[in-house]
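All remarks here apply to the structure that follows.
Laboratory data are not the source of any read-out in this text; all were calculated from the coordinates shown. Keep in mind that what you see is a predicted model, and the values were worked out from it rather than measured. Positions of Cβ are backbone-derived with ideal geometry, glycine not excepted, and every protein chain shown enters the neighbour counts.
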Amino acid sequence: MAVDTLSAENLYVADAQGRFGGEFGGRFVPETIIPALDELTEAYAKAKADPAFQEEFAYYCKDYVGRPTPLFFAEKMTRELGGAQIYLKREDLAHTGAHKINNALGQILLAKRMNKPRIIAETGAGQHGVATATACALFGYECEVYMGEEDVERQKLNVIRMNLLGAKVIPVSSGTRTLKDALNEAMRDWVTNVRNTHYIIGTVAGPHPYPTMVRDFQSIIGIESRQQIQEETGGLPDVVVACIGGGSNAMGIFYPFVHDAGVRLIGVEAAGHGLHTEHHAATLTAGSKGVLHGSASYVLQDTHGQVRSTHSISAGLDYPGVGPEHAHFKEQGRAEYVSVTDEEALDAFQWVAKSEGIIPALESSHAFAHVRKLAPTLPKEQKLIVCLSGRGDKDVDQVARRLGLL
Amino acid sequence: MPSRLPQTFAALKNKNEGALVAFLTAGDPGVESTPDLIALIAEAGADVVELGIPYSDPLADGPIIQASSQRALDRGVTPPMSLDLVRQAREKTQVPIVLMTSYNLVWIYGLERFAKDAAEAGADGAILTDLPPEEAEPWKAAAQAHGISTVFLVAPTSTTERIARIAGSSTGFVYCVSRTGVTGARKEMPADLPQLIDQIRAATDTPVCVGFGVSNPEHVAQVCAMADGAVVGSKLVEFLHQNADNPGRDAAVRDLVSGWKAATRRF
Ligand SMILES: Cc1ncc(COP(=O)(O)O)c(C=O)c1O
């Protein structure tokens, strides 16, 4: 094991076992699916090295998703906050309305290569479910999506979209009836049907190779941002901010800046009703080391290792785990992790809508809530990019109820 | 205290019998009744008892065992309490007891401390259903230091290479998962089971027990004709739950278990 973990090249890549920094990641799943993970690891390594695969992925990103998404200078916001210059990476403009489509397309192209006829996925906010259902419709795949009953309730619009796209949504009634339970059910389905099924995990969590593979597919966000800000300003950003559910939009925008020591990376978690309560989903801020859904990372759990129930106004952040590479970034001090409450996110949701004419997802609103606090404290010459991970149409109903507009 | 498992399998071999391995969840259908149930099941014929320590987010369990774990969690059952139930059972029976749970609980408890406390409580082995051998070196070292057998699972999807590695990591017995999928009762034993057992046999002399889907005496007999033992889980868990308030429960459990045991005898 003579891996030089301190050289810049190796600092942030997983080892052969899928471990980040030797500690986080790995594979903690039933034996039945280990051979499928081996198969996937091999297929992905081959695809990654194959220019034809990269070209195919690039083609669908451009002509189907509409990439590159713009990097928009938010002039009004910048003026109002009076500090750093704020740029929005517009993943809300990607087809289906969120960054999730990048990963879903990448994985469906891989499933095609592996000749797996059936696709399953889990979803919280429904965005990953919609993205997967979309990719399945495009390529003619059968698709089943597991979704917690509570999320089915609060993200109705996305359930309808999935149905229209031909996917079957399977409500999950076990446990907390949210994202973690949808993941459990999808994993159990995969254990049963592993021979003909590919499981499209929606974030940088799960057993190796998922955290690495999903990060790679989402890195397009950071690669574009890096190029766009350089073209526009001639330099790199000083700060990059993104919300963290499982951590995929954040990892996607962070990763291409990892070796740029001068770029601050900030992940924003959901503090729900507040970190002093039991009702939050701030895994890195308030959790502890543990194993959940196949990898070692940070987990919100009790002293015995039972997973705690979480709360966030935003279904996509309502998850007690987090991608293992983020756990590694936290340990290394490469990224900072903070949290904002439901109330702050809800305020930011309305603020972004009014100040820029963009209705952001409640998930992304968490990132904006932090930007609202941070930007005024930064010098005016600093540049800050915030990942606008998705649009808020799916949340309008829920927000309207909260605000008494419905 | 060394694991009771090798002795048990050796004795069964001499008698030309397969092992009946019976699974129940710690704390379900009640916390107080678990030690008595372990003793009752052993008396009725179980050669090994598997005791599930409930976990909130299991990946390998089907609906019946999952629901049983949830009921136990709702009753406040924790890993230390589960070990205490083993300690209490030890006052009544010397049947080998193998703990079955998810890795996170053991990791959070502390691998070394868990192995030590499990051995002191009187457990003989542990099955961590989401711990493949690649990730298991620290656990194997801790378990070995305290005489806890490490039972790993072989699946129908396991390659020959993996089977050898899993068999090599397993002590006490190798757990052969009869088919892809989670735990739960099923109608028939899969047709490719004999080949899978042969492959494990080719890799090790450690006894092989087959579980996942074994639910009636016919299955037990079929499995014991090929392997060293049969694991019955969901069927027993369901029966215990359904008969929780039945005054004739003990007699009914005795009948059920002795029916399975009879099917382990080869002629
Ligand atoms: C718009 C949007 N942003 C962010 C997230 C959070 O996921 P991740 O942290 O993987 O980006 C979700 C998840 O559903 C989402 O829909």
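Label separation (A:E278 vs A:K48): 4.1 nm, computed from points 7 Å beyond Cα along the C-beta direction.
Once the Cβ-Cβ distance between A:E23 and B:A141 is put in as r, and R0 is 22 Å, what FRET efficiency do you end up with, to the nearest 0.05? Efficiency, rounded to the nearest 0.05: 0.80. Net charge dipole, region B:4-263: roughly 300 debye, given to the nearest 20, about the Cα centre with Cβ charges of +1 for Lys and Arg and -1 for Asp and Glu. The charge dipole of region A:1-144, taken about the Cα centre with unit charges on the Cβ atoms of Lys, Arg (+1) and Asp, Glu (-1), comes to about 420 debye, rounded to the nearest 20. What is region A:208-345 by shape, rounded, prolate or oblate, if you read a ≥ b ≥ c off the alpha carbon gyration tensor as root eigenvalues and call it rounded for a/c under 1.5, prolate for a/b larger than b/c, and oblate otherwise? Judged from the Cα gyration tensor, region A:208-345 comes out prolate (a/c at least 1.5, a/b above b/c).
Between A:F72 and A:H259, the modelled label-to-label distance comes to 3.3 nm, taking each label 7 Å out from Cα in the direction of the beta carbon.
Over region B:4-263, what lengths in whole Å, largest first, do the semi-axes of the equivalent ellipsoid take, defined as the square roots of 5 times the eigenvalues of the alpha-carbon gyration tensor?
24, 22, 17
Among the residues of A:32-40, the average count of other protein chain beta-carbon atoms within 10 Å of the residue beta-carbon is 5.
DSSP beta bridges in region A:251-374, what fraction antiparallel, as a percent rounded to 5?
55 percent
Between B:Q222, A:Y146, B:L131, the Cα set farthest toward the positive side of the dipole of the protein assembly as shown (charges on each charged residue's Cβ, about the Cα centre) is that of B:Q222. For peptide B:156-164, the mean count of partner chain Cβ atoms within 10 Å of a residue's Cβ comes to 3. If only the Cβ of Lys and Arg carry +1 and only the Cβ of Asp and Glu carry -1, the dipole of chain A around its Cα centre is close to 420 debye. The antiparallel fraction among DSSP beta bridges confined to chain A stands at about 30%. Extension gain, B:R254-B:Q242: 0.36 nm per intervening residue step, less the Cα-Cα distance, totals 2.8 nm.
Taking the helices alone, chain B has a mean residue ellipticity at 222 nm of -14000 deg cm²/dmol, built from -39,500 (n - 2.57) per DSSP H run of at least 4 residues and averaged over all its residues.
Other protein chain C-beta atoms within 10 Å of residue C-beta, averaged over B:102-109: 6.
Taking the Kirkwood radius as Rh and the Cα radius of gyration as Rg, region B:1-133 has a ratio of Rg/Rh equal to 0.95.
The calculated FRET efficiency for A:I160 paired with A:E39, based on their beta-carbon distance and R0 = 30 Å, is about 0.30. At 222 nm, what value in deg cm²/dmol follows for chain A if DSSP H runs of at least 4 each add -39500 (n - 2.57) and the sum is divided by all its residues, to the nearest 500? That calculation yields -12500 deg cm²/dmol at 222 nm.
What shape does region A:50-165 have by the C-alpha gyration tensor, where a ≥ b ≥ c are the square roots of the eigenvalues, rounded means a/c under 1.5, and otherwise prolate means a/b greater than b/c and oblate the rest? The shape class here is oblate. Between region B:1-69 and region A:266-290, what is the separation of their alpha carbon centroids in Å? If we compute the Cα centre of each part, the gap is 38 Å. Result for chain B in a Gaussian network model with C-alpha springs under 10 Å: among B:A141, B:A46, B:A191, the largest mean-square fluctuation is at B:A191. Dimensions of the protein assembly as shown along the principal axes, based on C-alpha atoms and rounded to the nearest Å, stand at 85, 51, 48, largest first. If both residues of a DSSP beta bridge must be in chain B, then about 5% of such bridges are antiparallel.
Annotated for chain B: lysine pairs at least 8 residues apart or interchain, Cα distance under 15 Å, count 5.
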